[in-house]
Amino acid sequence: MIALKLLSLPLSNAVVERVFSIINLIKTKIRNRMKVQTLEALLLIRIYFSNHNICCCRNFLIMEKMYDLFNYSIYHNKEENKRRYQLMILKKL
């Protein structure tokens, strides 16, 4: 039993340290009021870019559909946004 517990311990905490390092780069003194959901989304984007060798988003092409989605309602209609996001995910399946 003790052997199983010892073998299940991680050999290194480098992954955790890397995540905290990225969090410290994202959440600065200027951006200290960031919500957890925003921080989580930015963290996932950074990790995705890192894993797929994407260096930056300077060449990111904005689609017309994105402009249509970025409006006043994204800040004030959370339930509608949640439903719209769920529909978008279902369409991809």
Problem set entry | Condition met for ILE54 (assigned to a loop (DSSP other than H, G, I, E, B), out of contact with any Leu (no Cβ under 7 Å at 6 or more places or on another chain) and surrounded by 10 or more Cβ atoms within 10 Å (Cβ to Cβ)) | yes
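Count, please, the residues in segment 1-42 that happen to be of a type outside the set (D, E, K, R), part of a helix (DSSP H, G or I) and within 26 Å of LYS78 (Cβ to Cβ). Steps first, please.
Let us first name the residues in segment 1-42 that are of a type outside the set (D, E, K, R), namely 1-4, 6-16, 19-26, 28, 30, 32, 34, 36-39, 41-42.
So of that shortlist, the ones also part of a helix (DSSP H, G or I) come out as 2-4, 6-7, 14-16, 19-26, 36-39, 41-42.
The next check asks that each one be within 26 Å of LYS78 (Cβ to Cβ); those that pass are 23, 26, 36-39, 41-42.
Qualifying residue count for the region: 8.
Rule-based calculations on the coordinates, nothing more; no lab input. From a predicted model like this one, the values you see are computed outputs, not experimental measurements. Neighbour counts run over all protein chains shown; Cβ positions are idealised from the backbone, glycine included.
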